[in-house]
Amino acid sequence: MELEQPIEQYQSVATWAKGLREQWGGDPLAEEPEKIEALAAFCQFDGRNPDELLAFCFLRRKETGVRFASVKRREAVAEQLRAFRTASELSGTEARRLTSNLLSFFIHNGIQMHTGMI
Amino acid sequence: MEYKEVIGIRRSIRYFDPDRPVEREKIQKILEAMRIASCAVNAHWLRAVVVQRSEIPQATLDSLKTPVTALVQELAPVHIYCYLNTGTVKEVEGARLRELVDVGALNPSHGWSHKFVDEFVYPQILVPFSENPAYPIAAAFDCGGAGTQGLLTAVDEGLGVCWTAFNAEPAKEMMDIPDDWIPLYVMNVGYPLESREAGGQRPRPPFEELYSEGKVGRPFPRDPKIVAELEQEKMFTTPAPLPNRKQEVRDLSRKLGLPE
C-alpha cells in the first residue's frame, strides 16, 4: 500500500511527534528514523494509513455521539501488531523495539496500549 | 529507616526487576504489619492472598490485568491480592471485642464489659451495621489502613510496591475467593529498577485544601517550621520532577523494551 502523502504529514503522526518532543525533548522522530520507519512498514502491512489506523480505534456512542476508544477495536489492532511482528521475523530485542515504537504511536495519540497486549 | 523517612521515600513503583525474586521473610513481614493494624471493633476485615507472578499461567495473568495496571502486574514478581471479608463480624460474634476487654484494652472506665459486648454491641450495633449498605465502606477504610502498614513495611525492607486494581472474576477463580469477600486492590511487590527517589516526591494538593480546623472551609494553618522539621527528618524529600527523571524513565523503557 502506498501512502497518499509523506507519512510525517498525517495528523496522527504530527501528534505523535509532538508528544515525543514534549515527553523527551529534542525531536525523537527525526533523531530516530526507525520509529517512523516502523510505522510506515506497519501501514504497508495493514493497508491503512496512520490516520485511518487511529480512527479505527474509536467509535461513537449511538445515544450521545461521544467518541470513545473501543476495547474491541484496540484488541483488533493489537492482533494486527502481533501478526506484523511475526511477519517481520525479528526476535528478541529487535522485535521488542519494533513493537515499542508502534505502541508509542498509539499511546501518544491517546490509545492506551501496553507491551503485554502484543 | 526511621519511620518518617519510610513515609518520605515511599513511591508507587512502576518499574520492577521482573526477574529478581522477593524473599519469603520480607513477604511475611508485610503481612505481619497488616495484621497488627488498628481496626474498628478489632474485626480485621482484610484478607490477603500472596501469589508469585511466575506461578500464574500467562493467560490467567493477562486476564487479571486492567489496561492501566497491566505492566505493573506483569513486572512485579509478587502479587498480594487484598480482599475485605464481609463475613467477619458475624463469624466472630464479638469475640475479638471480648478479647480486648480481657487484655485491658477496652475497660470499664470507658463503659466496656463482656456483658456490654454480648448483649448490646454485637447484637444491637455490629449485626445491624454489618447489614447496612455503608458497612463495606467503613470496613474498607480499615483494610486500607492495614494495607498501608504492609506497604510501608515493604518500603522499609528495601522493596518497591504499588497498589493497583485487578480484574476480580479471574482472580476469584484463580484463588478460590469466597463469595462474601470484596476485592480491593493488589499490592504489587518487587525490587525497584527505579532509583531510590524514583523521580522525587509526587505532587499533592495543597495542605490547606485538604485539612480544616473547627469547620470545613477554615484551613488548618500550616506552620512552616514544622515543614522544615519534617524536611530534616526526611519525610519531605525533593519534590518531583527531578532533573534526571525523564532520562531515567527512558533508560528503563529501553532496558525493558517498553514504548517511549
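Rounded to the nearest Å, what's the spacing between the alpha carbon centres of the stretch A:1-66 and the stretch B:44-93? Just the number, please.
Here the two parts' Cα centres lie 36 Å apart.
Which aspartates and glutamates does residue B:234 reach when only Cα atoms under 12 Å apart count, and residues fewer than 8 places away in its own chain are ignored?
Partners within reach: B:2, B:5, B:197.
Show me the helices of chain A, taken as full DSSP H stretches, that run 15 Å or more along their long axis by Cα and average -0.5 or above in Kyte-Doolittle hydropathy.
On the way: long enough: A:11-24 (20 Å, -0.79); A:33-46 (20 Å, 0.16); A:71-88 (25 Å, -0.65); A:92-108 (24 Å, 0.04).
Those that clear 15 Å and a mean of -0.5 are A:33-46, A:92-108.
Summing +1 for each Lys or Arg and -1 for each Asp or Glu, what net charge is found among the other residues whose Cβ lies under 10 Å from the Cβ of residue A:20? Intermediate results must be reported in sequence, preceding the final value.
Working: positive: A:18, A:21, A:35; negative: A:22, A:27, A:31, A:32, B:260.
Once positives and negatives cancel, what remains is -2.
In straight Cα distance, which lysines are under 21 Å from residue B:26, not counting same-chain residues fewer than 8 positions off?
B:4
How large is the translational diffusion coefficient of the protein assembly as shown in µm² per second when you combine the Kirkwood radius over alpha carbon pairs with Stokes-Einstein at 10 °C and 1.306 mPa s?
Values: Rh = 24.3 Å.
Translational diffusion coefficient: 65 µm²/s.
Tell me the angle of helix B:135-156 to the major Cα principal axis of chain B, expressed in degrees between 0 and 90 and rounded to the nearest ten.
With both axes taken from Cα atoms, the answer is about 50 degrees.
Tally Lys and Arg at +1 and Asp and Glu at -1 over the other residues with C-beta under 9 Å from the C-beta of residue B:257: what net charge comes out? List each step's numbers first, then the result.
On the way: positive: A:96, A:97, B:254, B:255; negative: none.
With Lys, Arg at +1 and Asp, Glu at -1, the neighbours total +4.
Residues with beta-carbon under 13 Å from that of residue B:4, excluding residue B:4: net charge, scoring Lys, Arg +1 and Asp, Glu -1?
Counting the neighbours of residue B:4, the net charge comes to -4.
For chain A, modelled as a GNM with alpha-carbon contacts under 10 angstrom, which of A:77, A:13, A:66 fluctuates the most?
Checking each option, the largest mean-square fluctuation is seen for A:66.
For the protein assembly as shown, what is the charge dipole size about the Cα centre, in debye to the nearest 20, if Lys and Arg each add +1 at the Cβ and Asp and Glu each add -1 at the Cβ?
On the way: 45 positive and 54 negative charges, 107 e Å.
That gives a dipole near 520 debye.
Straight-line reach from residue A:35: which lysines fall under 28 Å, measuring Cα to Cα and dropping same-chain residues less than 8 apart?
Answer for residue A:35, where 28 Å is the Cα cut-off: A:18, A:72, B:65, B:246, B:255, listed by chain and number.
As I understand it, the value is the acute angle between the Cα axis of helix B:245-256 and the longest principal axis of the Cα atoms of chain B; what does it come to in degrees, rounded to 10?
That helix lies at roughly 80 degrees to the long axis.
Values quoted throughout were computed directly from the atomic coordinates according to the rules given, and no laboratory measurement underlies them. These numbers come from a predicted model, not from an experiment. Counting neighbours? That spans all protein chains shown, and the Cβs are built from the backbone with ideal geometry, glycine included.
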